[in-house]
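Written below as structure tokens is the structure these notes are about.
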Amino acid sequence: MDFVKALTYPFDDENWLKKLGIAVLVSLAYFIPVVGSIPAAIILQGWLIETIKRVKDNHPDPLADWDDFGGIFSKGLSPFLASILYQVPTLIFACIMASTLILPAMGGESSDMVAGLASVTGGLLICCSCLILFYVIAATLVYAGGLIRFVDKPEFGTFMEFGENLALVRNNIGDFLMVALYILLAGLLIVVASSVTFGLGSLVATAFMAYFTAHILGQLAQKVSPGSVPQV
């Protein structure tokens, strides 16, 4: 998979300024809580899906157009809802962690009891933190498998086919981990860019990560999906 190509491919498109400009404007809605951030997330998810498909199909202009906002929103809705559903266990673990914080207060006037319950709380917090970290990594990989399959099977149920999604990841674990590493590196690049531009880079961070992630996942889809168009 080509890291540099994922960074530079939009600029091969004669309409790159328009496409990326709209992406930046949509991403700025993230600064409006709920009423702006949720629709923006869904729309960018749909744009990402369409770009993944174009890369997978070896489209000459892989960066998706913005001609049909309704269609883009529709494409992004299922992946957005699935991403929330995948993180429900994380919320449950977080609630358990929060509830353990009241344990020391149950020790009453006994300092020994308070100390003992505080130790129990610390152990539970460590265990829950480890479980959350493990689950988030596993869920993200399985979700990515579902996202790759969703390109060819655009149904919400695709994300619920955990066995098939897990099998795709397991059979191509090296490629999925490489994609994860590339996305992490891209995130570090935007952090560096934001720091040297006094925060201005953060204004384009969401759009940048969307177009970069789309191309990397498109390359992955092209590599692991049956019937993909060979890359030229």
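The values are calculated or read from the model by the stated rules, or taken from the named source; none is laboratory data. The model shown is predicted, which means the values in this text are computed figures rather than measured ones. Note that we place each Cβ from the backbone using ideal geometry, even for glycine, and neighbour counts take in every protein chain shown.
Is it fair to say L63 is within 28 Å of F208 (Cα to Cα) and at pLDDT 85 or above? Full working, then the answer.
Values: within 28 Å of F208 (Cα to Cα): yes; at pLDDT 85 or above: yes.
Criteria met by L63.
Can you tell me how many residues in the range 120-146 are farther than 23 Å from A221 by Cα and of a type in the set (V, I, T)? Can you show your working first?
Let us first name the residues in the range 120-146 that are farther than 23 Å from A221 by Cα, namely 120-135.
Filter once more, keeping what is of a type in the set (V, I, T): 120-121, 126, 132.
Result for the range 120-146: 4.
Hey, among the residues in the range 126-159 that are of a type in the set (S, T, N, Q) and closer than 30 Å to T100 by Cα, which one's modelled with the highest pLDDT?
T140
What are the residues in the range 8-47 that are over 18 Å from the mean Cα position of the chain (by Cα), of a type in the set (S, T, Y) and surrounded by fewer than 16 Cβ atoms within 10 Å (Cβ to Cβ), if any?
T8
Could you tell me which of the residues F150, F159, F176 is surrounded by 13 or more Cβ atoms within 10 Å (Cβ to Cβ) and under 23 Å from A94 (Cβ atoms)? It would help to see each step written out before you state the result.
Values: F150 fails: under 23 Å from A94 (Cβ atoms); F176 fails: under 23 Å from A94 (Cβ atoms).
The conditions single out F159.
Go through the range 189-230 and report how many residues are among the polar types (S, T, N, Q), over 18 Å from F80 (Cα atoms) and either at pLDDT 90 or above or loosely packed, with under 13 Cβ neighbours inside 10 Å (or both).
Counting residues in the range 189-230 that are among the polar types (S, T, N, Q), over 18 Å from F80 (Cα atoms) and either at pLDDT 90 or above or loosely packed, with under 13 Cβ neighbours inside 10 Å (or both) gives 4.
Just need a number here: residues in the range 43-73 that are of a type outside the set (D, E, K, R) and closer than 22 Å to G145 by Cβ.
Here the count works out to 12.
Looking at the range 1-60, which of its residues are aromatic (F, W, Y) and without any contact (Cβ under 8 Å) to a residue 12 or more places away in the chain?
Passing the criteria: F11, F31.
Can you find even one residue in the range 213-225 that is over 18 Å from the mean Cα position of the chain (by Cα), over 20 Å from A6 (Cα atoms) and not in a helix (DSSP H, G or I)?
no
When the range 74-123 is examined, which residues are found to be of a type in the set (A, V, I, L, M, F, W, C), closer than 30 Å to V34 by Cα and either part of a loop (DSSP other than H, G, I, E, B) or without any contact (Cβ under 8 Å) to a residue 24 or more places away in the chain (or both)?
Those that are of a type in the set (A, V, I, L, M, F, W, C), closer than 30 Å to V34 by Cα and either part of a loop (DSSP other than H, G, I, E, B) or without any contact (Cβ under 8 Å) to a residue 24 or more places away in the chain (or both): I84, V88, L91, I92, C95, A98, L101.
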